[in-house]
Amino acid sequence: MFAFIVRRIIQAIIVMLVIGLVGFIIQHQIGDPVRDLVGERVTPAEREVIRDQLGLNDPFYIQYVRFVKNAVKGDLGLSFFYKKPALEVILAKAPATIELVLVTALILIVVSIPSGIYAAIYPKSWFSRIIMAVSTIGVAMPVFLTAIVLIYFFGVELNWLPSYGRGETVNLWGWESGFFTLDGLKHLILPSVSLSSIMLPLFIRLVRAEMMEVLETEYIKFAWAKGLHRQRVWYIHAFKNTLLPVITVFGVQLGILVAFTILTETVFQWQGMGFMFLEAVERSDTTLLVAYLIVVGVIFVVVNTIVDIIYGFVNPMVRIAGTK
Amino acid sequence: MSHLLEVKDLEVKFALRFGDLTAINGVSLTLDKGERLGIVGESGAGKSVTGFAIINLLSKPGYISAGRVLLEGQELNRLPEEDMRKIRGNRISMIFQDPMMTLNPVLTIKTQMIETILAHANVSKTEATDIALDKLKKVHIPSSEKRIHQYPHECSGGMRQRIVVAIALLTNPALIIADEPTTALDVTIQAEIMDLLQELCASEKMGLILITHDLGVVSQVTERIAVMYAGKIAEIGPTQVVIHDPQHPYTQGLIKALPGSLQPGSRLNQIPGMMPTLTDIPPGCAFHPRCTISDTICRMEVPALISRHDHDHMIACHVVK
């Protein structure tokens with residue numbers, strides 16, 4: 001298990017270096033740090049001097065190494081708009097996004113697993129048919145439309161739920177959390193439901209398809225032939241095997257979910273990283289954009305590594321491969 | 001005297017969109033306590049379906065459309081599902097073809113063993129573990145205390161099939177149905193598993209239904225043979241009689257097709273043609289298009305399974321009587 005984790009961490013570092021390279025190339029090609037620093041009245045000659053001082057005329061690889069060195073130290077450059085370190089800006093916005101993604105992931109798990117299993121066990125029941133029909137519509141519906149429909153009904157017509165912002169938050173050691181106030185939780189509902197609607201149909205279908213496939217296997221037939229209770233066959237024998245591919249896909253999709261927050265956060269004026277990203281695009285804040293790319297890259301890699309390790313615990317065959 | 005198992009005029013159909021397909025068409029057989037019966041035939045003859053019909057575990061859309069299955073006088077095919085569950089894995093155990101696929105890859109051998117005991121007997125986990133270890137010893141698993149904590153992928157194919165046999169033995173069943181238990185194994189392990197099954201059936205007084213297409217295996221292990229063709233029994237009788245003095249032209253063909261008696265290098269005998277698919281069973285005797293001695297009546301009437309002079313030997317053929 002230890003060797004397995006070490007190997008996964010080395011892979012994660014390589015992935016981060018590649019993401020860093022892509023980020024650096026973007027910054028190198030599009031951004032102009034001199035513009036970020038000086039005003040209009042600085043002459044081209046003076047600019048050239050500043051470029052030299054900043055090392056911007058150094059060869060590409062030297063600049064990249066410097067970039068990586070700084071990034072490891074947590075220095076992702078200064079945001080041109082905020083006049084603050086980019087990482088600081090992002091970290092201030094991160095809790096909002098992370099909480100949104102966490103609640104969304106929770107909704108995904110709590111809804112997709114039971115309904116996927118139900119639809120696999122009773123494929124012909126009316127409930128399964130409705131699930132499948134609704135999930136087909138769900139696949140086709142873009143997130144901003146879902147969000148606007150939800151806002152219209154629950155925010156405007158019924159006036160049950162707040163439709164923008166995070167509401168009241170509590171500051172816990174620098175982490176702005178909406179989990180601890182009723183108002184904060186209420187504000188979480190619509191954004192997280194909208195965000196989960198993108199992945200929910202996929203997950204219900206995935207769980208259902210995997211479960212149906214597992215139910216056809218020989219070891220499930222053998223489990224029936226052993227005279228086990230149906231609950232045991234379904235929830236222990238079949239479900240554990242269904243989980244394996246679901247965990248893998250879940251890990252990848254969780255990362256993609258972070259990217260999808262850009263749309264959701266914009267619709268709901270959710271002050272998270274995605275909202276900040278769009279603002280940064282409008283302001284051509286290249287440093288901040290690259291920093292966002294790298295932070296999201298880190299989240300993606302960390303989540304996937306954790307998922308792989310969990311997978312190793314569920315699947316005995318991975319465990320063995322890791323101890324060799 | 002009542003039999004351990006009695007199958008009477010069993011008929012199994014598969015409900016398809018275009019109507020029902022008959023997979024088993026009037027199969028009757030009996031098995032006494034401790035008796036070993038082989039069911040042989042080509043693929044698609046209905047051997048496995050018969051096995052699954054006995055424990056009422058036909059995969060959908062298959063269902064028993066007529067006939068009765070009696071275990072110790074109790075009619076199984078009309079039992080409520082919960083009562084049938086108590087019989088499966090308890091009074092009747094099954095052994096499947098491919099040990100690589102039969103055991104659940106994510107559960108330990110221990111889990112898969114004790115759950116079977118706990119599903120049928122009111123014992124503690126410790127007692128169940130002791131029973132499991134005892135059965136693993138019976139099937140000659142070395143260092144079973146260590147093995148029992150392992151996962152299936154840590155064991156070889158032969159080892160896994162022995163574990164499957166041990167699982168089948170856990171509740172001391174009256175009957176074991178083994179569906180091609182050695183087909184997926186190599187020859188030396190085949191012999192080992194067959195010896196084991198035979199030895200256990202004798203010592204534990206268990207009935208055995210051995211479903212296979214391997215006549216060699218059947219002749220060594222079983223006391224009686226039923227030869228199936230296109231969902232019906234073509235010939236049934238004591239193993240030695242059927243193997244050495246086959247009467248039905250199909251059985252004769254099967255036995256002639258064995259390479260054993262041939263000169264090395266000569267062509268193997270084969271039965272001309274193919275077994276009909278279930279959608280397209282010829283009228284009359286299903287075997288007549290491939291039969292060398294068929295008569296006009298064979299094309300018109302389905303032959304009944306009739307006893308020969310020896311009461312225990314029955315064949316379904318118009319020509320051979």
*Could you check A:Thr242 against (1) surrounded by 19 or more Cβ atoms within 10 Å (Cβ to Cβ); (2) closer than 30 Å to A:Pro85 by Cβ and say which number it fails?*
(2)
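If only one of B:Pro249, B:Pro238 is over 24 Å from B:Leu58 (Cα atoms) and crowded, with 21+ Cβ neighbours inside 10 Å, which one is it?
Checking each option against the conditions leaves just B:Pro249.
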*Of everything in region B:252-289 that's among the charged types (D, E, K, R) and over 18 Å from B:Met300 (Cα atoms), which residue is surrounded by the fewest Cβ atoms within 10 Å (Cβ to Cβ)?*
B:Arg267
*Go through A:Gly251, A:Gly297, A:Gly274, A:Gly255 for me and flag whichever is under 18 Å from the mean Cα position of the chain (by Cα), small (Gly, Ala, Ser), crowded, with 21+ Cβ neighbours inside 10 Å and assigned to a helix (DSSP H, G or I).*
A:Gly274
*asked:* For region A:158-179, check the following and say yes or no: at least one residue is part of a helix (DSSP H, G or I) and buried (at least 22 other Cβ atoms within 10 Å of the Cβ).
replied: no
*Are any residues in region A:258-271 hydrophobic (A, V, I, L, M, F, W, C), more than 30 Å from A:Met211 (Cβ to Cβ) and part of a helix (DSSP H, G or I), and if so, which ones?*
A:Ile262, A:Leu263, A:Val267
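Out of A:Ile30, A:Ile19, A:Ile26, which single residue is at pLDDT below 80 and surrounded by 11 or more Cβ atoms within 10 Å (Cβ to Cβ)?
A:Ile30
Each row is one residue, and each column tells you yes or no for (1) touching a strand residue (DSSP E or B) at 6+ places or on another chain (Cβ under 9 Å); (2) over 30 Å from A:Thr217 (Cβ atoms); (3) of a type in the set (Lys, Arg); (4) at pLDDT below 90.
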{"site": "A:Ile131", "(1), (2), (3), (4)": "no, no, no, yes"}
{"site": "A:Tyr164", "(1), (2), (3), (4)": "no, yes, no, yes"}
{"site": "A:Leu172", "(1), (2), (3), (4)": "no, yes, no, yes"}
{"site": "A:Phe180", "(1), (2), (3), (4)": "yes, yes, no, yes"}
{"site": "A:Leu195", "(1), (2), (3), (4)": "no, yes, no, yes"}
*Would you mention how many residues in region A:189-218 are assigned to a helix (DSSP H, G or I), without any contact (Cβ under 8 Å) to a residue 24 or more places away in the chain and within 10 Å of another protein chain (Cβ to nearest Cβ)?*
1
*Total residues in region B:98-117, condition more than 8 Å from chain A (Cβ to nearest Cβ) and in contact (Cβ under 8 Å) with a residue 60 or more places away in the chain*: 2
_Any residue that is at negative phi and in contact with a strand residue (DSSP E or B) (Cβ under 6 Å, 6 or more places away or on another chain) - is there at least one of those in region B:150-158?_
no
*Which pairs have Cβ atoms under 6 Å, sit 6 or more apart or on different chains, and link a residue in region A:142-161 that is more than 11 Å from A:Val193 (Cβ to Cβ) to one that is modelled with pLDDT of 80 or more?*
A:Phe144/A:Leu263; A:Phe144/A:Val267; A:Trp160/A:Phe154
*Name the single residue, out of those in region A:224-239 being more than 7 Å from chain B (Cβ to nearest Cβ) and crowded, with 16+ Cβ neighbours inside 10 Å, that is nearest to A:Tyr311 (Cα to Cα).*
A:Phe239
_Residue among A:Tyr82, A:Tyr64 that alone is in contact with a helix residue (DSSP H, G or I) (Cβ under 6 Å, 6 or more places away or on another chain) and more than 20 Å from A:Gln29 (Cα to Cα)_ = A:Tyr82
*asked:* If the requirement is being within 14 Å of chain B (Cβ to nearest Cβ) and in a helix (DSSP H, G or I), which of these qualifies: A:Lys186, A:Lys221?
replied: A:Lys221
*Look through region B:220-235, keep the residues that are closer than 12 Å to B:Met194 by Cα and touching a residue at least 40 places away in the same chain (Cβ under 8 Å), and return whichever of them is surrounded by the fewest Cβ atoms within 10 Å (Cβ to Cβ).*
B:Val221
*Here are some residues: B:Asp134, B:Asp130. Which one is at pLDDT 90 or above, in a helix (DSSP H, G or I), farther than 21 Å from B:Ile95 by Cα and away from chain A (no Cβ under 14 Å)?*
B:Asp130
*Based on what the data block shows, is A:Glu176 within 14 Å of another protein chain (Cβ to nearest Cβ) and either more than 30 Å from B:Leu170 (Cβ to Cβ) or of a type outside the set (A, V, I, L, M) (or both)?*
no
_Within region A:243-262, take every residue that is out of contact with any Ser or Thr (no Cβ under 9 Å at 6 or more places or on another chain), aliphatic (A, V, I, L, M) and at pLDDT 85 or above and give me the one that is farthest from A:Val207 (Cα to Cα)._
A:Ile262
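Confirm whether B:Ala119 is within 30 Å of B:Ser2 (Cβ to Cβ) and part of a helix (DSSP H, G or I). Write out each step before concluding.
Values: within 30 Å of B:Ser2 (Cβ to Cβ): yes; part of a helix (DSSP H, G or I): yes.
So B:Ala119 passes the test.
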*Of everything in region B:61-97 that's within 13 Å of another protein chain (Cβ to nearest Cβ) and small (Gly, Ala, Ser), which residue is nearest to B:Asp186 (Cα to Cα)?*
B:Ser93
*For region B:148-203, which residues satisfy the criterion of being within 14 Å of chain A (Cβ to nearest Cβ), over 23 Å from B:Ile131 (Cβ atoms), part of a loop (DSSP other than H, G, I, E, B) and out of contact with any Ser or Thr (no Cβ under 8 Å at 6 or more places or on another chain)?*
B:Ala184
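The values are calculated or read from the model by the stated rules, or taken from the named source; none is laboratory data. Worth saying up front: this structure is predicted, and the values here are computed from it rather than measured. Reconstructed Cβ throughout: ideal geometry from the backbone, glycine too, with neighbour counts over all protein chains shown.
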